[in-house]
Amino acid sequence: MELDYQFLLEALEEAKKAFKYGEVPIGAVVVKDGKIVSRAFNRKEFLQDPTAHAEILAIREASRKLNSWRLNGCTLYSTVEPCIMCCGAIIQSRIDRIVYSIPDQKFGGVESLYKILEDKRVNHRPEVNKIYVKEAEELLKKFFKLLRERCRSLA
């Protein structure tokens, strides 16, 4: 559990980068054998790519570095509950474990809207753990507060 928390803090560092660049502050890291294989943060705005979620980018990079689309033995750490699309990528990549911090009431595919990773109809069901990291939630709230303020000032 302590190691999981430490890796979530690494994902939080990625989320802070996203915040700095005006992206929704979500970060992710993929870990294998106790070592970080890849790290990423949301880059939808910069790349103008709706699939450029932190989890997807981290999975892509881990697959490249490990030279395999099968990420058996890996754990994905994300500051926010993965969405439906990211859950699909998690299933496809055969990641063993998911650890995330904050539920996502609007897009969550793990527990909030759907329970895709528990669905017995899919061929791979990773272990899921949730560890609350207050700073991850505060960063998201700050981001959306600033976004609302910017929108009001433009109106």
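Hey, among the residues in the stretch 35-63 that are without any contact (Cβ under 8 Å) to a residue 24 or more places away in the chain and basic (Lys, Arg), which one's most open to solvent (accessible area, probe 1.4 Å)? By that ranking, first place goes to Lys35. Is the stretch 11-27 home to any residue that is touching a residue at least 24 places away in the same chain (Cβ under 8 Å), buried (at least 17 other Cβ atoms within 10 Å of the Cβ) and acidic (Asp, Glu)? Yes, the stretch 11-27 contains a residue that is touching a residue at least 24 places away in the same chain (Cβ under 8 Å), buried (at least 17 other Cβ atoms within 10 Å of the Cβ) and acidic (Asp, Glu). State whether the residues of the stretch 116-124 include one that is over 26 Å from Lys20 (Cα atoms), basic (Lys, Arg) and either surrounded by 14 or more Cβ atoms within 10 Å (Cβ to Cβ) or touching a strand residue (DSSP E or B) at 6+ places or on another chain (Cβ under 8 Å) (or both). Within the stretch 116-124, none of the residues are over 26 Å from Lys20 (Cα atoms), basic (Lys, Arg) and either surrounded by 14 or more Cβ atoms within 10 Å (Cβ to Cβ) or touching a strand residue (DSSP E or B) at 6+ places or on another chain (Cβ under 8 Å) (or both).
Just the residues that are under 11 Å from the mean Cα position of the chain (by Cα) and not small (Gly, Ala, Ser), please, taken from the stretch 86-102. Listed by number, the residues that qualify are Cys86, Cys87, Ile90, Ile98, Val99, Tyr100, Ile102. Would it be correct to say that Glu23 is part of a helix (DSSP H, G or I), more than 20 Å from Ile116 (Cβ to Cβ) and of a type outside the set (A, V, I, L, M)? In short, no. Residue count for the stretch 91-123, restricted to those that are of a type in the set (Lys, Arg), within 24 Å of Leu3 (Cα to Cα) and out of contact with any Pro (no Cβ under 7 Å at 6 or more places or on another chain): 1.
The values are calculated or read from the model by the stated rules, or taken from the named source; none is laboratory data. Computed from a prediction, not measured in an experiment: that's the story for all the values here. Neighbour counts run over all protein chains shown; Cβ positions are idealised from the backbone, glycine included. Each accessible area value is taken on the protein alone, full model and side chains, heavy atoms only, with ligands, DNA and RNA left out. Shrake-Rupley method; radii C 1.70, N 1.55, O 1.52, S 1.80 Å.
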